[in-house]
Every structure is written in structure tokens, then in C-alpha cells.
Amino acid sequence: MATMVKEISSPLKDKNYDLIHALQMSLEHVYRIQTYISDAEERGDKELAAWFRKIQENNRKSSEQGKQILIDRLQHENG
């Protein structure tokens, strides 16, 4: 007999939880990717360093967008 596994739901039912979590992850990636850029540059791998910079910039842009969305939502909620 197969055992059904219950899917874990978000620990909070706050509507902004996923937004805040995704924003945190995006900001963390901006920080962490800097290490990868440095590692690639130390090895002389310009191509990989450039690719990591593109990823970092995309995460930076996403972070800025996420922060603005969060600001707008919080301002709207607090009228």
C-alpha cells in the first residue's frame, strides 16, 4: 500500500510571504555570485566571469523590482 505524503504549505499565510522570500533569495544571489565572479577572474576565465556578471545584474534588477512591489503593497495596505 502506497503512503501519501502531505505537501508542505507555506509556514505563513501572509500574502506577501512568497514575495519577501523571493526578494531575499534574489538579494542573496547578488552577494554570492560576487564570489563566483572573483573565482573566475582569478583563474583568468573572462567568459565565465562575464556570464556570472549577467546573472548578478539580472538578480539585482529583480531585487529592485521586488522591493518596489513590496513597497507599493505595504503602502497600499497601510493606506
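The values are calculated or read from the model by the stated rules, or taken from the named source; none is laboratory data. From a predicted model like this one, the values you see are computed outputs, not experimental measurements. Please note: Cβ atoms are built from the backbone with ideal geometry, for glycine as well, and neighbour counts cover all protein chains shown.
Of all residues assigned to region 37-52, none qualifies as being out of contact with any helix residue (DSSP H, G or I) (no Cβ under 9 Å at 6 or more places or on another chain), modelled with pLDDT of 95 or more, of a type in the set (K, R) and assigned to a helix (DSSP H, G or I).
Counting the residues of region 20-65 that are among the small types (G, A, S) and under 14 Å from the mean Cα position of the chain (by Cα) gives 4. With respect to the conditions (1) modelled with pLDDT of 95 or more; (2) touching a Gly at 6+ places or on another chain (Cβ under 7 Å), E64 falls short on a single one, namely (2). For beta carbons closer than 6 Å, sequence separation of 6+ or different chains, a first residue in region 65-79 that is within 11 Å of L19 (Cβ to Cβ) and a second that is outside any loop (DSSP other than H, G, I, E, B), the qualifying pairs are G66/L23; L70/L19.
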